[in-house]
Every structure is written in structure tokens, then in C-alpha cells.
Amino acid sequence: MKYRINNQVVLSQIPLGPLAAHIGSFADFISAQGYALYTIHRQVHLAADFSQWLKLKGIELHCLSSDHPKLYLRDRARQVQPCRGDAAALSHLIGFLRGEGLIPTENVSEPRLTPAELCAQAYEQYLREARALAEATIVNYVPFISHFLKDCFGDGPVTLSDLSARDVVSFVQHQAQRLHRKRAKLMTSALRSFLKYAQYRGEMSLDLAAAVPVVPNWSMPSIPRAISPDQVKQLLEGIDQHTALGRRDYAILLLLARLGLRSSEVAFLELDAIDWNTGTFSVRTKSGLRHEFPLPFAVGKAIAAYLRDGRPVSGSRRVFLRAKAPIRGFRGAGAIGSIVRHALKRAGIKAPTYGTHQFRHGLATEMLRQGASLGEIGDVLGHRHPQTTMIYTKVDLEALRTLALPWPGGAL
């Protein structure tokens with residue numbers, strides 16, 4: 001006798017055990033996340049088998065823990081060939097049961113932190129709460145400080161008053177050898193910030209921030225690697241807009257190419273940030289500020305096409321969603337980089353780089369060549385400091401070199 005769970009899943013028999021009454025709700029839960037029908041069938045059947053196993057073992061619902069799926073899969077492997085994804089499926093089930101309040105949340109004991117880790121944690125809290133720095137800055141600074149404290153104190157007590165200029169210089173010299181120049185500058189900035197913080201807290205009397213060596217910084221050392229207008233055109237023409245995935249990727253690439261958005265700004269763009277009446281939208285920049293952009297007709301049309309005929313049904317307020325289950329917004333900017341990388345490879349374009357920043361550089365370069373001022377370019381790209389935009393003046397210098405006449409007297 002067959003037993004219908006919902007309009008998608010039918011079991012060969014009535015489910016038994018402590019989870020039996022909740023398997024239908026679990027099927028609806030994973031179905032709502034956009035999983036394929038085969039995956040839904042697989043997870044529901046596994047949940048029913050797991051419930052049967054719990055019944056045989058005499059384990060009641062309120063006693064269920066994250067250890068039981070492991071024991072079940074070990075027993076199951078003795079009779080059935082293990083299937084890749086079984087552990088993940090049961091993890092979804094446990095998460096569902098916890099979310100419904102059917103089983104208690106387990107208290108996972110936090111690993112004991114070393115004094116160096118506690119000190120770095122306190123510094124992180126200071127940056128976030130007292131300084132209100134951007135999350136990107138905190139994420140970049142703290143690992144350097146953790147490494148510095150570990151290098152100086154190991155797992156022992158952290159006595160900042162024992163630090164000397166030699167400790168600071170030695171650490172910088174050793175680390176700078178293996179870091180890119182920009183990362184090395186970031187490291188020295190983090191160290192100065194931390195040492196000033198330690199002095200401010202009265203944990204050291206010396207101004208060791210002044211002892212941090214300066215990493216050489218030649219102004220505008222290289223020309224920005226910019227994708228050309230022809231390459232952008234070729235890339236966009238290569239996107240298949242007849243598919244949901246193509247409509248999503250086309251809208252994303254237009255935002256990068258026409259407005260020079262950062263990958264994180266695209267990944268975290270919210271539906272509520274778009275004002276269709278005024279033709280504008282806003283993003284939160286890496287500095288944490290809101291920056292408003294006009295919504296060009298072509299870009300708005302592409303986003304609307306995706307929202308109307310491509311975006312999966314979801315409760316997420318993000319504009320762009322994953323194409324595969326679980327259906328949700330992107331976890332980070334790396335997903336946008338992956339979309340760009342795959343699109344360039346499919347189109348056979350040998351771009352200067354496979355990253356997303358080349359679109360910002362391409363937009364700025366083209367604006368400069370069409371007569372836009374550095375101030376206008378900085379406004380479009382959301383630069384807080386004019387110095388950031390100055391690097392694009394080097395593009396014109398390179399263009400001028402190609403027009404330079406040979407020296408009348410020949411080579412000297």
C-alpha cells in the first residue's frame with residue numbers, strides 16, 4: 001500500500017517512528033528551497049528510513065541529537081551502498097526539526113581561546129564598536145594582528161608592555177617578503193592601528209606605532225587592467241538571454257560594465273533598493289555608506305526581465321539568487337567573480353584578468369577618453385578620495401606615447 005506524503009512524494013508504506021508525523025512538513029520545507037524532484041524524493045525517503053531506525057533503537061524525538069544521523073549512516077552502510085549526500089540530507093532534516101522547535105538546540109562548547117586570540121578578539125570588538133570601521137577593514141586587519149600576537153607570545157600570556165621596536169620591525173620584515181606590496185601596506189596599517197589601540201588602553205607606554213616600517217609606495221605604479229569596450233560587447237552578446245540563468249547573468253554583467261559596481265555591491269543588491277518610479281537604485285559601498293545610482297534603461301530592462309521571467313520564487317529580498325538549491329542570495333562577492341570568469345571563458349575572450357574590477361577600470365578609462373573629469377569618474381565609481389581616481393590619468397599618458405613623434409635627431 002502506497003502512502004502519499006504530498007503532491008510530489010509517495011512512499012511505499014506509511015512512515016513509522018518518532019519523525020513520522022513531521023515527514024510531510026519536511027518534504028514541503030525542502031521543496032520550498034527549490035531542490036529538484038529527485039533530490040526531494042531522496043531526502044524524504046532517507047528521513048522515513050531514519051525515523052524507522054530511531055523506532056527500532058527506542059530513541060524518542062526529544063532525545064534526538066546530531067550524533068544519531070552518524071550512527072544511523074554507519075548502520076545503513078552495512079546493508080546499503082552509501083550515497084553521496086546522505087549526511088547533508090540528514091543535516092537538513094536536523095536543521096528543520098530544530099527550526100520547528102521539535103528538538104532542542106545543542107549547546108556546542110566553544111573552544112578555549114589562547115590569550116593571543118582573546119587579545120585579537122578584544123581589538124576586533126574595538127574596531128567594530130568604538131571605531132565603527134567597515135567590515136572589510138576589520139576582516140583584513142584582525143588576521144594580521146592575530147598572527148603578530150601569536151608570533152610574539154605563542155600560546156602564553158600576552159604582555160604588550162614587553163613588546164619592543166625590534167619585535168615589530170622583525171615581524172614586518174619577515175612577513176613583507178612573502179606578501180604583495182598592497183597586502184604588506186595593509187599589514188603595516190593594521191599594526192599601527194593595533195599598537196595605537198594598545199597605547200590608548202594603557203597596556204604599553206612606548207609609541208611602537210612609530211616603529212612600524214614604511215612599505216615603499218610608488219605613486220600609480222601600474223596602469224589599471226581594463227576590459228575594452230569591444231570585449232564587453234562581445235561578452236554581453238554571448239549571453240543566452242532565453243534562459244533564466246542567462247537573464248540573471250546578463251543583468252549582473254550590465255551592472256558591472258555600465259555602472260562600474262563592485263562585485264559585493266551586485267551580490268548584496270536588495271529589491272527594496274530599486275526605485276522604479278524615479279529610475280534610481282542605491283547600494284551600500286565598502287565604506288558602509290549608501291550611494292545612489294541612476295538606473296539606465298537597458299540595465300533596468302535586464303533586471304526586470306530576470307525578476308519577471310527568471311528569478312526563482314523565494315522569500316529572499318536579494319535581487320540576484322543562486323540558480324541551484326538551496327535557493328537564496330549569494331553568500332559573498334566571490335559568486336559574482338565566478339559568473340564573470342565562466343562568462344569570459346565561454347565567450348573565448350582573453351581579457352586582461354578574469355576578475356570583476358576590470359569592468360570598473362574599463363568604465364573609468366572609457367569615460368576619461370570621452371572627456372569626463374576625474375571628479376565625474378570618482379562620483380560614478382563612488383570614490384571617497386580624489387587620489388583613488390588619479391590612477392586613471394596614467395591611461396592618457398600611455399595613449400599620448402602612441403602619438404608621440406620620433407625625436408628629430410634620432411636615438412641618443
**Flag if Ala210 is open to solvent by 20 Å² or more (accessible area, probe 1.4 Å), assigned to a helix (DSSP H, G or I) and among the aliphatic types (A, V, I, L, M)** = yes
**Asked** In the range 8-31, which residues are touching a residue at least 40 places away in the same chain (Cβ under 8 Å) and in a helix (DSSP H, G or I)?
**Response** His22, Ser25, Phe26, Phe29, Ile30
**Members of the range 34-44 found to be without any contact (Cβ under 8 Å) to a residue 60 or more places away in the chain and either open to solvent by 70 Å² or more (accessible area, probe 1.4 Å) or hydroxyl-bearing (Ser, Thr, Tyr) (or both), listed by number** = Leu37, Tyr38, Arg42
**Asked** So, in the range 237-259, of the ones that are over 15 Å from Ala298 (Cβ atoms) and assigned to a loop (DSSP other than H, G, I, E, B), which residue ends up most open to solvent (accessible area, probe 1.4 Å)?
**Response** His242
**Message:** Which numbered condition in (1) buried (at least 16 other Cβ atoms within 10 Å of the Cβ); (2) part of a loop (DSSP other than H, G, I, E, B) is the only one that Lys324 fails?
**Reply:** (1)
**Test: Ser205 is among the hydroxyl-bearing types (Ser, Thr, Tyr), open to solvent by 40 Å² or more (accessible area, probe 1.4 Å) and at pLDDT below 90** = yes
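One line per residue, one yes/no per condition, for (1) under 26 Å from Ile138 (Cβ atoms); (2) of a type in the set (Val, Ile, Thr); (3) without any contact (Cβ under 8 Å) to a residue 12 or more places away in the chain; (4) open to solvent by 40 Å² or more (accessible area, probe 1.4 Å):
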residue: Ser263; (1), (2), (3), (4): yes, no, no, no
residue: Ala267; (1), (2), (3), (4): yes, no, no, no
residue: Asn277; (1), (2), (3), (4): no, no, yes, yes
residue: Leu295; (1), (2), (3), (4): no, no, no, no
**Prompt:** Of (1) open to solvent by less than 60 Å² (accessible area, probe 1.4 Å); (2) modelled with pLDDT under 95, Asn217 satisfies all except one. Which?
**Reply:** (1)
**Prompt:** Between a first residue in the range 327-353 that is touching a residue at least 40 places away in the same chain (Cβ under 8 Å) and under 27 Å from Arg284 (Cα atoms) and a second residue that is of a type in the set (D, E, K, R) and surrounded by fewer than 18 Cβ atoms within 10 Å (Cβ to Cβ), which pairs have beta carbons less than 7 Å apart while being 6 or more apart in sequence or on different chains?
**Reply:** Gly329/Arg318; Thr353/Arg225
**Asked** Quick check: anything in the range 32-52 over 30 Å from Ser316 (Cα atoms) and in a loop (DSSP other than H, G, I, E, B)?
**Response** no
**Asked** Which one of Gly315, Gly329 is at pLDDT 75 or above, among the small types (Gly, Ala, Ser) and open to solvent by less than 70 Å² (accessible area, probe 1.4 Å)?
**Response** Gly329
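The values are calculated or read from the model by the stated rules, or taken from the named source; none is laboratory data. These figures come from a predicted structure and were not determined experimentally. Because the Cβ atoms are built from the backbone with ideal geometry, glycine has one as well, and the counts that use them run over all protein chains shown. For accessibility, only protein heavy atoms count, side chains too; no ligands or nucleic acids. Shrake-Rupley method; radii C 1.70, N 1.55, O 1.52, S 1.80 Å.
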